[in-house]
Every structure is written in structure tokens, then in C-alpha cells.
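The values are calculated or read from the model by the stated rules, or taken from the named source; none is laboratory data. Computed from a prediction, not measured in an experiment: that's the story for all the values here. Don't worry about glycine lacking a Cβ; one is built from the backbone with ideal geometry, like all the others, and counts go over all protein chains shown. Note: accessible area is taken over every heavy atom of the protein model, side chains too, but ligands, DNA and RNA are not part of it. Shrake-Rupley method; radii C 1.70, N 1.55, O 1.52, S 1.80 Å.
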Amino acid sequence: MAFLASKRVLSGMRLTGQLHLGHYHGVLQNWVKLQHEYECFFFVADWHALTTHYEDPASIAVTAFDVVVDWLAAGVNPGEATIFIQSRVPEHAELHLLLSMITPLGWLERVPTYKDQIDKLKDKDLSTYGFLGYPLLQSADILIYRAGNVPVGEDQVAHSELAREIARRFNFLYGREPGFEQKAEAAVRKLGSKAAKLYFELRRQYLQHGDREALEKGRALLKAQTIITIGDRERLFGYLEGGGKVILPEPQALLTPVSKMPGLDGEKMSKTYGNTIGLRESAEAVAQKIRTMPTDPARVRRTDPGNPDKCPVWKFHEVYGDERIRDWVQQGCRGASIGCLDCKQPVIDAIQRELAPLRERAQQFIDDPDVVYAIIDQGCERAREVARETLEDVRRVMGLGQR
Ligand code: TRP
Ligand code: SF4
């Protein structure tokens, strides 16, 4: 049976290649924090990778196994979070298909990343059905878990907005059982006269004046009710918003704080720019990459003063340095009292300190891959249980009968 969008979090990561410090600072640290506060579902979006790499899947050069090892190494805890792989939960695909029936083409064409990516990835032919459906598949990923919260970066906000619109449209089309209004009003009366009066008042304020605060208060009121049936609960949540039953709750985007992790060239760290430091690179490779990274071009000789604002190394100090180190860099660089290699050493040390425990944990999993396979198997099973429940409700209201 359905329940309402809760403190459940769902997030996916597209399979794109070996994970690097940008993922760690941008996404993984956030997940590790969220897993203590929410019921989390994290998955490897391998189907999403195919939407852009269908011609040459091998070019992704990384397996879901590798990605999961990186997550575990970064501290994602399978005891707290459910870790799974999209393609092993085929229910996502069925929901995607069913949602495609009610999705106006214009909604997909309007998603800003659609035209952007087609322009940006000119060497790929993305005039495919799968690529247009990318954000709808993402909506299915989210809605099938009835997740209340979706941590996403700035670039994904339009996608989670589509998930909200699809949920609303779905509930509007299929949430209207015969006699809904009467059933809803009977359910309100069961709340007791005081709560019922407050409910009607909050509903009126929301529907007549669009008062979001009243909507939130109404939801809180319902959440506090312990003795109503699940069916009534859904009706009351739906009726509060003026719609029918809520079958697929609308998710909220939880904006991930923007990571300041620079790449070796000072641009954002990204595989596309080839400026990354991998989470599992050896200590020697990391040191070598930092030693050879560019600095302020004005510092040709050791005696030339430099300007940290023009140097990518400084951006690393902003991430890793404490105040003492940053002062030392500022003065040493501008006064030419330190060399660039001296300046880079604390960055190298800080990255090694950060990566050493990750490497060690990753190695344990690589040495014992069955542990990882078991974590994935259990995660997929758990995810499927939840997904199946939702899908049953969806099939039923869409007239597909029960199995
Ligand atoms: N599109 C997301 C990305 O590129 C990955 C993703 C797929 C996702 N499905 C999702 C993220 C569902 C959040 C929720 O990073
Ligand atoms: Fe960059 Fe440091 Fe060299 Fe200055 S001293 S140019 S900040 S690496």
C-alpha cells in the first residue's frame, strides 16, 4: 500500500568513468551525511549512461562494481543506505513506459539540458528516443520509491521539476476514484471536530489564496494523525491540495551545496576536461600530477613574484589549507620567498591524507569482491521490494489489473 513522500532520499549517479575528487567533494560527502538523517537509496544509473554512450558502452571504461567500491570507500554505509544498480531493478523501466503514456512531448523538449547537451555533444547522435526520455526515466527512478527528497546538483533541478509535474499529472489523472469527494469529506470528519475544522480552514487558505504555509501546516496536521487508515490518509493529503488521491507523491529537490573542487587546470574538475585526480590513484601519481600542474604563468623564475589569484594551485589551498597555510602562500608567492614546489607540498600532503583511508578501504573491497556483490544483491532486492509495491498501485489505477 502506498504511503506518503517521507524522509526518504533517492539519488543516482550516472556511470561515466572512474570517480574522482570532484565526485567525492560534490556528491559523496553529501550522501555520507544524508545517510544518517534519512532513509537513503543510492543507485548506479547505468541505463542513463547508455542514453549518451549507446554506440560504445565500453568507452565508459568503468563498471557498476567499480563505482560501488568507490562509494563504499568514501564512506557510504550499506547498513544505513540501500545501494543498488538501476538495470537490476527492471520496475524502473516499466514505470518509465507507463509514465511515457501521459507525458506530453513538449515537456521533454522543453527541459533545458536536452538542447544544451545535443549542442554540446556534437560528435554524438543524440536524436534518439532514449535521450529525449532521459529526464522521464529519471522521474521514474524517483517516483518509484515515493522519495520525498532528491539531492541533486544545480544542473539537475529541471529534471526534478519534471518529476514533480509528472507526479501531479499522474495523480490528477488516476487519483480520482468514484465518489472521491464524499469519501474525503467523510475522512475529514473522522479526524474529530477540532482537527476537521482546522483542516478545512487550511485547505481553503491554500486553494483560494495559494498559501503554501497553510498547505505545509495541513500536511503536518495529517502527519500527526495516528489512527486514520492508509487509504484515508492518502485521500486527505490529496484532497488538501484540491486533487485526488496521492499515488505518486511530489518529490522535493534537495540542492547539493556546490563543490569548489577545482581541477588540475583550475577549471571545474571533470572527466571531460581531463583534469581529474582519481579516488584510487596511487600516491605517486597524485604527487606527480600536483607537481606538474600549471601555476601563475608570470612566475617563470623562482625569484619572480606571483599572484595566487592567477594560479590554479591557490584554488586547492582554498579547499584544503587552513588560515596559516593560506597566509604563508599569499606572502610567499607575492614576495617570491617560496617556490612553487614548496607551495604545492601542503596540497600534496592534504590530498594524500584525504585519500589514504579511501584507498585502503577500496583495497579491502577489491580483495574480497564477494562482499561487494552481496551488498549490491541485497540492495537490489530491497529496492525491488519497494519498487514492486509502487508499481502494483500504478498498474491498478491505470486499469492493468492485478497479478
Ligand atoms: N541524471 C543524474 C546525473 O547525471 C543521474 C540520475 C539518474 C539521478 N536518475 C536519478 C539523480 C534520479 C537523482 C535522482 O547525475
Ligand atoms: Fe601558485 Fe603557489 Fe606558485 Fe604562487 S607560489 S604561483 S600560488 S604555486
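Brief remarks follow.
- Accessible-area value, Glu94, 1.4 Å probe, nucleic acids and ligands omitted, Å²: 50 Å²
- Bridge type composition, the chain - antiparallel percent by DSSP, nearest 5: 10 percent
- Rounded to the nearest 0.05, the FRET efficiency derived from the C-beta distance between Gln378 and Arg110 at R0 = 45 Å is 0.70.
- For the chain, the fraction of alpha-carbon pairs in successive 10 Å shells from zero, as %: 4, 19, 25, 22, 15, 9, 4, 1, 0
- Each Cα pair under 8 Å and six or more residues apart adds its separation to the average, and for the range 137-287 the resulting relative contact order is 35 percent.
- Charge dipole (debye, nearest 20) of the chain; +1 at Cβ of Lys and Arg, -1 at Cβ of Asp and Glu: 1220 debye
- Sparse-neighbour loop sites [trypsin sites (Lys or Arg not before Pro); the range 48-149; at most 14 other C-beta within 10 Å; DSSP]: Arg110, Lys122
- In Å², nearest 10: area of Met398 left accessible to a 1.4 Å probe: 40 Å²
- The range 180-240 - percent relative contact order, Cα under 8 Å, separation 6 or more: 43 percent
- The peptide list 190-203, 35-48, put in order of mean Cβ contacts within 10 Å with the highest first, becomes 35-48, 190-203.
- Judged by the ratio a/c of the largest to the smallest principal axis of the C-alpha gyration tensor, the range 15-62 counts as oblate, that ratio being 1.5 or greater while a/b is no larger than b/c.
- When the Gaussian network model of the chain links Cα atoms closer than 10 Å, the mean-square fluctuations of Ala224, Ala383, Ala163 top out at Ala224.
- Note on the range 17-115: Kirkwood hydrodynamic radius from all Cα pairs is 15.6 Å, rounded to one decimal.
- The calculated pair-distance distribution of the range 321-403 uses every alpha carbon pair, bins of 5 angstrom beginning at 0, and gives 3, 11, 11, 9, 8, 7, 7, 7, 8, 8, 7, 5, 4, 3, 1, 0 percent.
- Spin-label pair Ala298/Asp155, simplified geometry with 7 Å Cα→Cβ offset, distance in nm: 3.2 nm
- Helix 340-367 axis, angle to the chain major axis (alpha carbon atoms, nearest 10°): 50 degrees
- Using R0 = 45 Å, the C-beta based FRET efficiency linking Lys124 and Lys190 works out to 0.20.
- Dividing the Cα radius of gyration of the range 201-358 by 2.2 N^0.38 Å, with N the residue count, gives 1.79.
- Rel. contact order, % - alpha carbon contacts under 8 angstrom, at least six apart, the chain: 23 percent
- Average accessible surface area per residue within the chain, 1.4 Å rolling probe, Å²: 49 Å²
- Rounded percent of accessible protein surface that carbon and sulfur make up, the chain, 1.4 Å probe: 53 percent
- Contour excess over end-to-end distance, with Cα ends at Val319 and His53 and 0.36 nm allotted per residue: 92.5 nm
- Net dipole in debye of the range 35-134 [+1 Lys, Arg Cβ; -1 Asp, Glu Cβ; about Cα centre; nearest 20]: 280 debye
- Gaussian network model of the chain, springs between alpha carbon atoms under 10 Å - residue of Ile83, Ile228, Ile376 with greatest fluctuation: Ile228
- With all protein chains modelled, accessible area of Ser11 [1.4 Å, Å²]: 10 Å²
- Selection among Ala350, His209, Ala362 by position relative to the dipole of the chain gives His209 as farthest towards the positive end (Cβ unit charges, Cα centre).
- 12 Å beta-carbon shell around Val69, net charge (K/R +1, D/E -1): -1
- Cα pair count fraction exceeding 17 Å, expressed as % - the range 280-366: 49 percent
- Applying 1/(1 + (r/R0)^6) with R0 = 30 Å to the Cβ-Cβ distance of Leu400 and Gln225 gives a FRET efficiency near 0.45.
- Of Pro262, Pro308, Pro178, the one that fluctuates the most in a GNM where the chain has Cα springs shorter than 10 Å: Pro178
- Placing unit charges on the Cβ atoms of the charged side chains and taking the dipole of the chain about its Cα centre, the candidate lying farthest along the positive direction among Leu391, Gly26, Ala283 is Leu391.
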